[in-house]
Amino acid sequence: MVNVKKACAAGTFYPKTKDELSTMFESFEECEANYSSKAVIVPHAGYIYSGELAFKGYKFLDRNTKNIFIFAPAHYERIYGCVTCDFDEFETPFGNIKVNKELSKEITVHCECQINNHAYEREHSIEVQLPIIKYLFPDAQIIPVLYGCENFTNLAETISKFYDNKENAFVISSDLSHFFPQRESSKIDLYTAKMIEELITRDFDMEQACGAVGICALLDFAKSKNYSLIRVGLTDSSKSTGDTSRVVGYGSWFLFEGEKNEYIKQFYTDLVINICKESINAGLENKKYSPENYPCVLEEYGASFITIELNGDLRGCIGSIIAHRPLIQDLIKNAHSAAFADPRFFPLTQDEFQNIKISVSLLTKPQKMSFENEADLLWQIKPYEDGLIIREGAKQGVFLPVVWEELPDKQEFLNHLKLKAGLDRNYFSNTIEVFKFKAVKITQ
């Protein structure tokens with residue numbers, strides 16, 4: 001006899017009939033994913049609040065997936081560690097979705113999970129994921145895991161163990177902040193988004209997300225692989241209810257197997273260059289440029305340098321060393337400054353604008369270097385890869401990796417950087433600070 005977990009949230013968290021659900025899914029704003037991911041973070045609230053955002057997140061999940069691990073927090077049962085179940089199938093309006101019993105058994109061994117069907121009886125954090133999974137992945141099987149007081153590294157190791165199988169994918173089920181006024185909730189959720197996008201697990205609090213353990217597990221795994229979490233979107237319950245006094249926040253991200261700036265270059269090169277051009281053009285007309293309908297990844301904090309060339313010669317270059325604002329704003333501000341506020345040049349003219357060439361360097365977070373002396377510093381530097389920041393007191397200089405094309409020798413590269421910082425080329429001290437960073441160059 002097949003042991004089926006009956007739906008408990010149908011008719012409350014989501015429509016209970018197939019036709020109603022199909023109509024809802026068809027009404028969701030079209031979102032064509034440009035990347036096939038093996039892991040997503042999606043909300044688990046009622047569909048009227050977060051269903052569309054969850055649906056968008058799932059669109060980035062690899063459509064060839066056959067086994068979907070779902071890590072979700074337990075809301076109604078006190079759990080220490082994590083638990084799975086011995087149900088054969090879960091009921092959904094689109095038909096039952098099968099449990100991969102073999103992988104579920106492996107989970108119990110690897111995670112030291114107990115089997116606890118009772119914990120699943122009223123739990124919505126997994127169930128609300130199932131209609132979307134069945135709709136988009138009709139033949140996929142699930143491996144459901146509920147957790148309570150669990151060490152996120154345990155789940156991170158589980159992701160690592162099963163990740164390399166091309167048939168496997170992972171869903172982290174989580175809402176964000178709960179029951180704060182909308183203005184406060186928005187600040188908390190933006191802070192949480194920044195932590196997720198910078199892969200920060202330290203001091204990640206349950207007040208920020210009910211699925212904090214699962215989120216931190218994915219962040220820990222991503223950091224170990226040098227992968228990135230790319231934002232799909234942020235929203236909150238007030239968008240549906242109109243009530244801003246007590247809201248719940250929602251967010252969605254997908255895992256990208258590489259560095260975020262590489263993703264932007266791969267999929268949005270033309271858009272990035274166009275944003276810079278439009279910002280400069282608006283400046284020429286004394287207008288403010290406010291783009292619309294851009295991808296959420298550009299809302300993530302980012303640091304950029306904008307370089308303008310005219311007839312092969314430098315015509316302006318301004319940038320940010322540290323990511324201190326959304327990348328979309330950094331691009332707009334730096335493009336305008338490179339055209340009109342570089343102190344080495346007169347402001348760009350309309351005639352010149354028609355012939356300029358724009359390049360954009362997207363910077364990673366600078367890492368402070370440790371070294372015993374200048375020889376040790378030089379040994380650690382990687383030509384054509386590392387950008388450098390040198391700092392001594394109030395004096396500072398920056399070279400992007402592209403400068404290696406003009407100064408390929410390590411010593412000359414460093415000496416010229418010292419000169420740029422206002423230091424003697426032979427200067428060195430035990431108080432000098434050096435930071436290295438990577439840069440992805442985008443050209444038109």
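The values are calculated or read from the model by the stated rules, or taken from the named source; none is laboratory data. Because the structure is predicted, anything quoted here is derived from the model rather than measured. Methodologically, a virtual Cβ is constructed for each residue, glycine included, from the backbone with ideal geometry; neighbour enumeration extends over all protein chains shown.
Side notes on the structure shown:
So that you can scan it fast, the table gives a plain yes or no per residue for (1) in the same structural domain as Phe267 (by TED's automatic domain parsing); (2) under 17 Å from the mean Cα position of the chain (by Cα); (3) of a type in the set (Lys, Arg):
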position	(1), (2), (3)
Ile172	no, yes, no
Asp175	no, yes, no
Glu198	no, yes, no
Gly214	no, yes, no
Lys223	no, yes, yes
Val232	no, yes, no
Thr235	no, yes, no
Arg246	no, no, yes
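- Pairs, first free of Cβ contacts under 8 Å to residues at least 60 places away in the same chain in the stretch 65-88, second outside any strand (DSSP E or B) and buried (at least 18 other Cβ atoms within 10 Å of the Cβ), C-beta under 8 Å, six or more apart: Tyr76/Ala119; Tyr76/Glu123
- For beta carbons closer than 7 Å, sequence separation of 6+ or different chains, a first residue in the stretch 124-151 that is among the hydroxyl-bearing types (Ser, Thr, Tyr) and a second that is part of a loop (DSSP other than H, G, I, E, B) and surrounded by 24 or more Cβ atoms within 10 Å (Cβ to Cβ), the qualifying pairs are Ser125/His44.
- Candidates Gly283, Gly316, Gly258, Gly249: the one that is under 25 Å from Ser186 (Cα atoms) and modelled with pLDDT of 95 or more is Gly249.
- From Leu271, Leu298, Leu314, residue being in contact with a Ser or Thr (Cβ under 8 Å, 6 or more places away or on another chain) and either in a helix (DSSP H, G or I) or on the phi < 0 side of the Ramachandran plot (or both): Leu314
- For the stretch 60-80, a residue qualifies if it is more than 17 Å from Lys166 (Cα to Cα), of a type outside the set (Ser, Thr, Tyr) and out of contact with any Gly (no Cβ under 7 Å at 6 or more places or on another chain), and the qualifying residues are His75, Glu77.
- Identity of the residue in the stretch 36-68, part of a strand (DSSP E or B) and more than 20 Å from the chain's Cα centre (by Cα), that ends up farthest from Ser228 (Cα to Cα): Asn67
- The selection criterion, being in the same structural domain as Glu26 (by TED's automatic domain parsing), buried (at least 20 other Cβ atoms within 10 Å of the Cβ), charged (D, E, K, R) and farther than 23 Å from Leu53 by Cα, does not hold for Glu102.
For (1) among the charged types (D, E, K, R); (2) crowded, with 17+ Cβ neighbours inside 10 Å, each residue gets a yes or a no:
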position	(1), (2)
Ser36	no, no
His44	no, yes
Phe55	no, yes
Leu61	no, yes
Asp88	yes, no
Thr92	no, yes
Ile97	no, yes
Cys113	no, yes
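- The set of residues in the stretch 237-290 being small (Gly, Ala, Ser) and touching a strand residue (DSSP E or B) at 6+ places or on another chain (Cβ under 7 Å) consists of Ser237, Ser238, Gly249, Gly251, Ser252, Gly258.
- Taken over the stretch 404-416, the criterion of being acidic (Asp, Glu) and either touching a Lys or Arg at 6+ places or on another chain (Cβ under 7 Å) or outside any loop (DSSP other than H, G, I, E, B) (or both) is satisfied by Glu405, Glu412.
Quick grid of which residues meet (1) part of a loop (DSSP other than H, G, I, E, B); (2) crowded, with 21+ Cβ neighbours inside 10 Å:
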position: Ala193; (1), (2): no, yes
position: Cys210; (1), (2): yes, yes
position: Leu219; (1), (2): no, yes
position: Ile230; (1), (2): no, yes
position: Lys239; (1), (2): no, no
position: Ser252; (1), (2): no, yes
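- Within the set Glu127, Glu123, the sole residue that is acidic (Asp, Glu), in the same structural domain as Ile159 (by TED's automatic domain parsing) and over 17 Å from Met24 (Cβ atoms) turns out to be Glu123.
- Qualifying position, being crowded, with 23+ Cβ neighbours inside 10 Å, farther than 23 Å from Glu299 by Cβ and among the aromatic types (Phe, Trp, Tyr), among Tyr135, Tyr147: Tyr147
- Against the test of being part of a helix (DSSP H, G or I), outside the structural domain of Val297 (by TED's automatic domain parsing) and crowded, with 16+ Cβ neighbours inside 10 Å, the options Leu331, Leu377, Leu419, Leu388 yield a single qualifying residue, Leu377.
- Qualifying residue in the stretch 355-374 (condition: under 30 Å from Glu285 (Cα atoms) and not in a strand (DSSP E or B)): yes
- Check on Pro347, under 30 Å from Asn274 (Cβ atoms), surrounded by 12 or more Cβ atoms within 10 Å (Cβ to Cβ) and touching a helix residue (DSSP H, G or I) at 6+ places or on another chain (Cβ under 7 Å): yes
- Criterion applied to Asn67, Asn96 was being over 30 Å from Glu262 (Cα atoms), at pLDDT 95 or above and in contact with a strand residue (DSSP E or B) (Cβ under 6 Å, 6 or more places away or on another chain), and the one residue passing it is Asn96.
- Just so you know, in the stretch 117-132 the residues that are polar (S, T, N, Q) and modelled with pLDDT of 95 or more include one that is surrounded by the most Cβ atoms within 10 Å (Cβ to Cβ), and it is Ser125.
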